[in-house]
Amino acid sequence: MEGQRSIDDNSNARAQAQSQAESNNMTQSSPMPNNQGPSISPIEEEQTQIDDSNIGTNSRKRKLTSIVWNHFEKVNVNGEDKGECRYCKKKLGANSKNGTRHLHDHFKSCPRRTCRDIREQVIRMGQKTTDGQTNLSCLNFDPEKSRKDIAEMVIVHEYPLVMLEHHGFRKFVVGLQPLFKVPSRNTLKNDILKIYDFEKEKTMRLLEKNRSKIAITTDMWTSSNQKKGFMSITSHLIDDNWEMQSRIMRFIYVPCSHTAEVLADVLYESLCDWNIDRKISTVTVDNCSTNDLMIHLLLDKLSLNSLILGGELFHMRCCAHILNLIVQDGLSVIGDGIERIRDSVYFWSATQKRIEKFEEAARHLAIDCSKKLSLDCKTRWNSTYLMLSVAIVYKDVFKRLKQRETQYRSLPTDRDWELASSICGKLQLFYKVTLMFSGTKYPTTNVFFPSICEIRIALSRWSEDRDELIKAMGERMLVKFDKYWSVIHGVMGVAVVLDPRYKFKMMEYAFPKIYGFEKSDVEIVKLKELVSRLFQDYETCSYESSRNRDVDSSRNTSDMEVEGGFFNDYFTFIEENNYTGITSELDHYIQEKQLVHKSPKHIVKASNMTVMMVTSNWGSQLFDDGGGVVDVTWKLELWKNDFVYES
């Protein structure tokens, strides 16, 4: 019996020692949390406590071994053991006989738990952001922010709304954050519209507080799948920091048919919706008869008193579109002159095997083959320019391949390469100017005039070229240029005069080259008259605005009413008698070396004229001679239209 008791005692001692060691190991691997409390990974296996009766009545009270107690506090409620959640303070049964599975389940689903696994925090803190900085942001989960992030993701990347209902996407999100509830399609739609409303309100505040007028550009787009028409309306202004600001206000569905009356109504309603119908300076559109009539109808709807010179400068034609028409006319003359080059590019870029063979021949001739052959689109003249500029680099490669490939029968002649080189040199000027027109971060009006003068002088030179084909191309382009030049040069000239780098010196240099010495003097006088009338128009608006402020101020006075009225009449008398001094002020500006006026009215004059846009569209669309095509949903505005017309 004594031997038996000795064995039992030894077993109990070993059990106690093993239990104590396990408790110490668990305590070291699962330290007590700080104020926020480090989280843990979900526990799949239940860890139960050893009943005290197995150890003996005289053994000390054993420690809690389950790591779930890192997130619960054991308390006594009415003589019964309870586990109180450290996050939501909910109390659950904590009798050791019942185990801790229910505590683990509550920990996984606790709505107040915001902590994460310590290993996850270490990994995230070691990650680098796109700018090379370590990401030390708080890892607390915010479901509202995640909902906004997912809405912005759909907007920016133009994902379909049904993506959120895909099983794979939902499984992926649950794996990242089980607490995040993926929103439904309707919820996501509402979130996107809320973002749109917020951005619209922010943009309206920007437009409202800005002192300068707003230039509008508009263009028509067509969806490639549904053949629906959409009108893009973009506002441009110069803020108080003299920085260019552009905002897409509407991308609105336009019902058929797209007549001038329908387009004018849609544009006018959009301007009124944004409350800028009395702040418009110009509207820039493509050059076509429908747009001309639309502008005429729009002027009937707007208040002429709010427009510059009563709407005389209201209609701006898209200069990029005009340049496209000029270049297309020129290329139509040369026609078949570059056809063999086009056929050669088509032949050697038709299949992957031919492309590899072409690149191999280029490497044998020590020619860099980083530039790829690309066939042009005849309706996009820039693609013709790019095709020729690349093909000229591989001139010797085409000759070499002719000797090795019997099926290649369209080798360009030396005359073809000479013509292509000449055309590339001339189209490069148009390509450079068109890209300059597409600038959205800087005003383009004041840089337009010198570039157009450069083109006009170049066309005059081309029309006298010895090469008959180049001469015919230059003459055709010059006729088209002169057709539109008289329409746009006045507005652009005013913008140049208000640029302190140029003023009238630019006209005195450029006009003789364009018109000749006799006619240039007449054109300069016309431009001076236009600038003078513009100054008078602004002075009149400034004078009336000042009088209105004085009247409002006098109405708010009581004791000083008589004295204020006397001085107001006196200052009115002074201004009326000095009204003829406007021309002298303009002359003073023209004669000085740099612009020194700091008064708001002069700043507003310059900003209103400089912000006039010379193109109605940007990017690759600048080189097209037709309307734009919408291949995918276009950001917030098109999202909004889809919601409206699908519901």
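Here are the numbers for the structure shown:
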{"quantity": "Some residue of the stretch 355-376 being part of a helix (DSSP H, G or I), buried (at least 17 other Cβ atoms within 10 Å of the Cβ), at pLDDT 90 or above and of a type outside the set (A, V, I, L, M, F, W, C)", "calculated": "yes"}
{"quantity": "Unmet requirement for Leu179, which otherwise passes all of (1) of a type outside the set (Lys, Arg); (2) modelled with pLDDT under 90; (3) farther than 23 Å from His106 by Cα", "calculated": "(3)"}
{"quantity": "Test: residue in the stretch 344-352 that is touching a Leu at 6+ places or on another chain (Cβ under 7 Å), surrounded by fewer than 18 Cβ atoms within 10 Å (Cβ to Cβ), assigned by TED's automatic domain parsing to the domain that holds Tyr394 and among the hydroxyl-bearing types (Ser, Thr, Tyr)", "calculated": "yes"}
{"quantity": "Looking only at the stretch 500-528, and only at residues there that are among the small types (Gly, Ala, Ser) and over 40 Å from the mean Cα position of the chain (by Cα), the one that is surrounded by the fewest Cβ atoms within 10 Å (Cβ to Cβ)", "calculated": "Gly516"}
{"quantity": "Subset tally (residues that are closer than 30 Å to Ala420 by Cα and touching a strand residue (DSSP E or B) at 6+ places or on another chain (Cβ under 7 Å)) for the stretch 293-323", "calculated": "1"}
{"quantity": "Whichever residue in the stretch 464-514 is in a helix (DSSP H, G or I) and of a type in the set (Asp, Glu) and, among such residues, is farthest from Val531 (Cα to Cα)", "calculated": "Glu468"}
{"quantity": "Among (1) under 24 Å from Leu207 (Cα atoms); (2) in a helix (DSSP H, G or I), the one test that Leu297 misses", "calculated": "(1)"}
{"quantity": "Which numbered condition Asp219 misses (of (1) closer than 30 Å to Ser146 by Cα; (2) surrounded by 15 or more Cβ atoms within 10 Å (Cβ to Cβ); (3) acidic (Asp, Glu))", "calculated": "(1)"}
{"quantity": "Any chance Glu454 is closer than 30 Å to Thr351 by Cα and charged (D, E, K, R)", "calculated": "no"}
{"quantity": "Any hit, the stretch 258-270, residues being free of Cβ contacts under 8 Å to residues at least 24 places away in the same chain, surrounded by fewer than 17 Cβ atoms within 10 Å (Cβ to Cβ), not assigned by TED's automatic domain parsing to the domain that holds Asp219 and not basic (Lys, Arg)", "calculated": "no"}
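The values are calculated or read from the model by the stated rules, or taken from the named source; none is laboratory data. Everything numeric in this text was worked out from a predicted model, so none of it was measured. Reconstructed Cβ throughout: ideal geometry from the backbone, glycine too, with neighbour counts over all protein chains shown.
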